[in-house]
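Okay, structure first, notes after.
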Number of protein chains: 2
Amino acid sequence: MNISVIGGGSIGLYFTAQLALASHQLTVVCRSERQAGEIARKGIRYIDLTDSVQQVWPRTQWIEDRPLDADWIFLTVKQPQILSTIPYLKKQRADIPILCFQNGMGHEEVLRSHLPYASIYQAITTVGAYRRDPCSVQHTGQGVTYVGSLANNSETPSVLRNLVEKLDGAAVSAQIERDMRDRVWKKLIMNSCINPLTALFQVQNGELLENKHALQMMEQLYQEAVAVARLQGVEIDSNFLQEIVQVCRNTYGNKSSMLQDIESGKETEIKFINGAIVRAARHVGIEVPIHAALTQLIQAKQQYSAQR
Amino acid sequence: MNISVIGGGSIGLYFTAQLALASHQLTVVCRSERQAGEIARKGIRYIDLTDSVQQVWPRTQWIEDRPLDADWIFLTVKQPQILSTIPYLKKQRADIPILCFQNGMGHEEVLRSHLPYASIYQAITTVGAYRRDPCSVQHTGQGVTYVGSLANNSETPSVLRNLVEKLDGAAVSAQIERDMRDRVWKKLIMNSCINPLTALFQVQNGELLENKHALQMMEQLYQEAVAVARLQGVEIDSNFLQEIVQVCRNTYGNKSSMLQDIESGKETEIKFINGAIVRAARHVGIEVPIHAALTQLIQAKQQYSAQR
């Protein structure tokens, strides 16, 4: 397969390396000309779970270049950068399916409003990857990549079945997900309970469990989010809070992406995570004051971090 | 006059020095034996507004010593330390009036429940003072000290009139305040809007004004607090938010006491400031989710800071 991966972050580099090792044709489309140049010169250094290092040489592009042909576009940039990818996506053939890897909610509406004829699919991945520098990525955890459609389709298109087969063949454990909306909501709830608190206190995931007050905040965020999800018709198991706690335990020493963004003075995904819950709550007519407060607090913190 | 000042913080040391310079007899009652010993050996170094340094030699005591006679007790410890002063206060003659300098609300109920026969008065001071070390204090800003009773008395007792006269004579600008409850509430609202945000983001007072999201949080805290105050029968001017903003501007480079506590890993007054608003809201039957959230968040932050 011929795949264009837009975004040279941890997820973008991981999928590029893993699929290139399985002899697919990859193009990394970078948002910065500099990263595109660096990868063109040095390739991608891929460190697998056993700490073995392999080198791959994908094609590279800067996002302002002219388009290349592809069977799939993997859109791996973070939510705040979605808008900046629209001009590039508009240059592509409309029949190339786009697979979105964003957390949170909101990107699909943006894409559909600018690209009304695009075939848009969603991936939710639990793979762990860490970008060490613009040209090297480390695989840090096994995971499953669920792919599906956010639209209510009963049938799975063959293009999606074909993709899952190829991913599996490249040792990326993949599955078709029929209830993609439920899965997106669950990931959203999980991120909305963990990420803003780790970013606000600048602590690792596991440290949330050792602080009674942080745990109470997490539970309040959870209760508010679940109420919104249920009113949206999404089923959430009664023990899902325990699952979130378990994820914090399993990823004890991890820094959430939101904390990493705060530490490096970057814009976070807060508007698309807790902010998405605030917007969804408005649709169903309830209030989520704790999510609203954390959305504001992280935006304030982000501004202070960027100034330092 | 003979005054026992309980607490060797900035406010305790400031009033001790200023009154000792006017030839009153002062005793500093320290919570730590070490500070009591240091002040006994070295005296208090007092740096006035013109940066002139003067030395005063008050008597000193450790809070576990036996009581001394006094005309007034000035209770200047912070809210979280009130309980630790009760055993000492119980040893005093019940007719010695106690002047409380705490911010927030809650200390009066605690004192009354343990000392049912005590004469308890409240001071609200806008004096600026900064403790440089356990034996030296700097006067950093002119201010007025309002004294009065939180109980609903129409008459001002002569003991209070006499105190104001003596404070004025010692160049501490003082006034009798008939609406002490209103003044306490206003200081409470002001502190509840400024302190937790400065502590959470670890910024100076003025930096709150330069961050749109921090300002929005401040306004939400303000709206919630004013609703509670009004339901408690306290009048708040419609432009009081502007006053709070002006205070942030006037104290641009100041670190709030709550931020100082966070930075030194100490317990903050959050439970008696924003927490007091949460309790007051419960009494009048409304919800203040932003104050409740910030109370939790600061308690969490305090625990993380103490562990570092």
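Please treat every number below as a calculation from the coordinates, not as lab data. Not measured: the values here are computed from a predicted model. Quick reminder, even Gly has a Cβ in these numbers, built from the backbone with ideal geometry, and neighbours come from all protein chains shown.
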### Task
Let me know the Kirkwood hydrodynamic radius for region B:24-115, please, with Cα pairs as the basis and the value in Å to one decimal.
14.6 Å
### Query
Between rounded, prolate and oblate, where does region B:181-307 land on the alpha carbon gyration tensor, with a ≥ b ≥ c its root eigenvalues, rounded for a/c under 1.5, else prolate if a/b exceeds b/c?
oblate
### For chain A, share of DSSP beta bridges that run antiparallel, in % to the nearest 5
35 percent
### Query
Can you run phi through the Karplus equation (6.51, -1.76, 1.60; θ = phi - 60°) for region A:82-88 and list ³J(HN,Hα) in whole Hz, with x for Gly and Pro?
3, 4, 6, 8, 4, x, 5
### Task
Output, in nm with one decimal and in ascending order, the distances from the A:Gln242 label point to the matching label points of the other copies (7 Å from Cα along Cα-to-Cβ).
5.7
### Kirkwood Rh and Cα Rg combined as Rg over Rh, evaluated for region B:1-66
0.95
### Query
In nm, what does the list of distances from A:Gly141 to its counterparts in the other copies look like, shortest first, when each label sits 7 Å along Cα to Cβ?
4.6
### Message
I need the Debye-formula profile for the protein assembly as shown: one equal scatterer per C-alpha, no solvent, reported as log10 I(q)/I(0) at q = 0.05, 0.07, 0.11 1/Å, two decimals.
### Response
-0.31, -0.56, -1.01
### Message
Measuring from the axis that superposes chain A on chain B, report the chain A residue with the minimal C-beta distance, rounded to whole Å.
### Response
A:Pro289, 2
### Message
Restricting to DSSP loop positions (anything but H, G, I, E, B) with no more than 10 other Cβ atoms inside 10 Å of their own Cβ, which trypsin sites (Lys or Arg not before Pro) remain in region A:89-187?
### Response
A:Arg93
### Calculated from backbone phi, Karplus (6.51, -1.76, 1.60) coupling profile of region B:265-272 in Hz, x at Gly/Pro
x, 8, 6, 8, 8, 3, 5, 9
### Query
Over region B:181-307, what is the mean sequence separation of C-alpha contacts under 8 Å (at least six apart), divided by residue count, expressed as relative contact order in percent?
34 percent
#### Entry: Nearby aspartates and glutamates by direct alpha-carbon distance to B:Lys271 (threshold 19 angstrom, same-chain neighbours under 8 apart not counted)
B:Glu108, B:Glu109, B:Glu224, B:Asp261, B:Glu263, B:Glu287
### Query
For B:His114, A:His283, what ranking results if the residue with the fewest other Cβ atoms within 10 Å of its Cβ goes first?
A:His283, B:His114
### Task
Post the alpha-carbon centroid distance, region A:10-61 to region B:11-45, in whole angstrom.
68 Å
### Summary
If A:His213, B:His291 are placed from fewest to most neighbouring beta carbons inside 10 Å, the sequence is A:His213, B:His291
### Task
Would you mind calculating the relative contact order of region A:1-114 from Cα pairs under 8 angstrom and at least 6 residues apart, reporting the percent as a whole number?
27 percent
### Message
Distance between the C-alpha centers of region A:205-262 and region A:132-197? Whole Å please.
### Response
19 Å
### Task
Would you work out if chain B is rounded, prolate or oblate? Take a ≥ b ≥ c from the square roots of the eigenvalues of the alpha-carbon gyration tensor; rounded if a/c is under 1.5, else prolate when a/b is larger than b/c, oblate otherwise.
prolate
### Query
Can you give the FRET efficiency for A:Val247 and B:Ser52, using 1/(1 + (r/R0)^6), R0 = 45 Å, r = Cβ-Cβ distance, to the nearest 0.05?
0.15
#### Entry: Ascending list, in nanometres, of distances separating the B:Gln175 label from those of the other copies (7 Å, Cα toward Cβ)
7.0
### Summary
Relative contact order of chain A (C-alpha contacts under 8 Å, at least 6 apart) in percent is 15 percent
### Task
Any of B:Lys42/B:Lys166; B:Lys186/B:Lys301; A:Lys255/B:Lys186; B:Lys42/B:Lys266; A:Lys255/B:Lys266 with alpha carbons more than 29 Å apart? Name them for me.
A:Lys255/B:Lys186
### Summary
Of all GluC sites (Glu not before Pro) in region B:136-241, the ones in DSSP coil with at most 16 other Cβ atoms within 10 Å are B:Glu155, B:Glu235
### Query
Per residue and in Å³, how big is the convex hull formed by the alpha-carbon atoms of region B:102-179?
129 Å³
### Task
Kindly put B:Lys78, B:Lys255 in sequence by how many other C-beta atoms sit within 10 Å of each C-beta, fewest to most.
B:Lys255, B:Lys78
